[in-house]
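Have a look at the structure below, then the notes.
The values are calculated or read from the model by the stated rules, or taken from the named source; none is laboratory data. Bear in mind the structure is a predicted one, so any value in this text is a computation, not a measurement. As a convention, Cβ positions derive from the backbone with ideal geometry for all residues, glycine included, and neighbour counts pool all protein chains shown.
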Amino acid sequence: MSLQEWLSQIESLHPSTIEMGLERVSVVAKAMEIQIKVPVFTVAGTNGKGSTCAMLEAILSQSGYRVGLYTSPHLVDFVERCRIQEESVSEDSLIKAFEFVQDRRGPVSLSYFEFTTLAFLHLLSKVDLDVIILEVGLGGRLDAVNWVDADCAIITSIDMDHMDYLGPDRESIGFEKAGIMREGRTVVVSDPMPPQSVLDHAQKLNADLWLFGRDFNFSGDKQQWAWRGRSKGYSGLAYPALRGANQLLNASGVLAALTSQRDRLPVTAQAVRNGLAMVSLPGRFQIVPGTPQLVLDVAHNPHAVAALTENLDAMGFFPNTHVVFGAMKDKDVLAIMKRIAHLVDVWYFCDLPTPRALSASQLEELWRSSSPQSSQRALVFESPVAALNQAISNATPADRIVVFGSFYTVGAVLAHGLPRLDAPHMGS
């Protein structure tokens, strides 16, 4: 079978798209004899996980380590979810891993995420690596990734998302994220105001807790920034290649995590500088050169959209902002719209290629129910690409286009390569 055929089959194996719990994963992982023998960083949080993993990978790679990374979801190609020495795994190797999971799972019914996670863990366990970085898919405590014991747990921001699975408030959600901690081992919390449940769980496990503002911090001016930890610091750092004010918080957590593990995985100051300067991650406040200006961001909850809005505000003045937006049914779409509404002149709502998404017409109905400003307009489209093409057609060279709302939204725009905008009105 092709990779796409495998993914379609895996999707139909289990009655639920998402089912929390480690029992099924544990049984099959044991049958597969998966053994992880190198240091592991596990990253959980509401926002900032992908950026944190990318910075860890970049700095450790610059230090000469052989790094394996598992992250989710992907933007364009499924194989993006696993990188070995900064290269995506091949489709052939992944298909063989799928075959191995299928062969060993016996009567156990695995969800899509569980099946694919086990395949990627099998791949990572068979390669000669120095360190592995794992991004939690949903929550932490009951996520399939949490089958692996983290040597260093990193918890980024904690906010309201996936409440159906993780609980109705930050304390409940924080408890789920804290589940990636292990007794006596390091946990780095880069959320400036973590829920008490996170602190309590760390104390219960006698974990080595690194708290932002207490054990590490950063400072900076327009030219450079500095980081200070318990007994080590870096000064005169160039700003990370990933844009946005929130990236310094993510970078600070990364430096705390690396400092905590320096006895096992020492990194040089030059590797830190090079890694932060060279790190790349599509779809995280990604500004695409051209006219009009194009911004791509996978922000899909109110907390992430607040950060996106802050970053857009800092870009300066644009006569008009055209926004391409598609979102999942389980998101607080009204709150998302209200956070960014003051910047939007025209909405381009789009359908997404998944039954889990709201339709463009449903998004428009929600927008109308929010009592929008009379100066705002809204249009509906059958795809993100169709929406973007219309936005390009409507925009002047001095305008700005923002594509956000879901990995599906941004991924569709990137599927055929990075768009290069060249406004047709330039010569007129």
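Among the residues of the stretch 244-264, the ones that are in contact with a strand residue (DSSP E or B) (Cβ under 9 Å, 6 or more places away or on another chain), of a type in the set (A, V, I, L, M) and over 12 Å from LEU56 (Cα atoms) come to 2 in all. The residues listed here are VAL254, VAL288; of these, the one that is under 22 Å from VAL131 (Cβ atoms) and among the β-branched types (Val, Ile, Thr) is VAL254. Taking each residue of the stretch 376-393 that is assigned by TED's automatic domain parsing to the domain that holds VAL344 and looking for partners that are surrounded by fewer than 17 Cβ atoms within 10 Å (Cβ to Cβ) with beta-carbon atoms closer than 6 Å, six or more apart or interchain, yields ALA378/GLU364; VAL380/SER361; VAL380/GLU364. When the stretch 306-319 is examined, which residues are found to be among the hydrophobic types (A, V, I, L, M, F, W, C) and at pLDDT below 95? Within the stretch 306-319, ALA306, ALA307, ALA314, MET315, PHE317 qualify. Is it true that GLU19 is outside the structural domain of ASP332 (by TED's automatic domain parsing), farther than 25 Å from GLY405 by Cα and either touching a Ser or Thr at 6+ places or on another chain (Cβ under 9 Å) or in contact (Cβ under 8 Å) with a residue 24 or more places away in the chain (or both)? No; evaluated as a whole, the condition is false for this residue.
Selection of helices (runs of 4 or more DSSP H) fully inside the stretch 348-422 by the criterion of at least 3 residues being touching a Phe, Trp or Tyr at 6+ places or on another chain (Cβ under 8 Å) returns 360-369, 384-394.
Pairs linking a residue in the stretch 356-372 that is farther than 14 Å from ASP332 by Cβ to a residue that is loosely packed, with under 13 Cβ neighbours inside 10 Å and among the hydroxyl-bearing types (Ser, Thr, Tyr), with Cβ atoms under 8 Å and 6 or more positions apart or on different chains, are ARG356/THR17.
Quick grid of which residues meet (1) of a type in the set (Asp, Glu); (2) farther than 23 Å from GLN261 by Cβ; (3) surrounded by fewer than 16 Cβ atoms within 10 Å (Cβ to Cβ):
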position: SER8; (1), (2), (3): no, yes, yes
position: VAL43; (1), (2), (3): no, no, no
position: LYS49; (1), (2), (3): no, no, no
position: LEU69; (1), (2), (3): no, no, no
position: ASP77; (1), (2), (3): yes, yes, yes
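The sole residue among LEU209, LEU142, LEU199 that is at pLDDT 95 or above, not in a helix (DSSP H, G or I) and not assigned by TED's automatic domain parsing to the domain that holds ALA335 is LEU209.
This table checks each residue for (1) of a type in the set (S, T, N, Q); (2) modelled with pLDDT of 95 or more; (3) closer than 30 Å to ALA415 by Cα.
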position	(1), (2), (3)
GLY21	no, no, no
VAL27	no, yes, no
ALA31	no, yes, no
GLN35	yes, yes, no
THR46	yes, no, yes
SER61	yes, yes, yes
VAL67	no, yes, yes
LEU75	no, no, yes
GLU80	no, yes, yes
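The residue list PHE349, PHE325, PHE317 contains one member that is of a type in the set (Phe, Trp, Tyr) and out of contact with any Ser or Thr (no Cβ under 9 Å at 6 or more places or on another chain), which is PHE317.
Among the residues of the stretch 229-238, is there at least one that is of a type outside the set (Lys, Arg) and either within 27 Å of VAL298 (Cβ to Cβ) or not assigned by TED's automatic domain parsing to the domain that holds ASP151 (or both)? Scanning the stretch 229-238 turns up at least one residue that is of a type outside the set (Lys, Arg) and either within 27 Å of VAL298 (Cβ to Cβ) or not assigned by TED's automatic domain parsing to the domain that holds ASP151 (or both). Pairs under 8 Å by beta carbon, first residue outside the structural domain of ALA257 (by TED's automatic domain parsing) in the stretch 28-51, partner surrounded by fewer than 24 Cβ atoms within 10 Å (Cβ to Cβ), six or more apart or different chains? Filtered contacts from the stretch 28-51: no entries.
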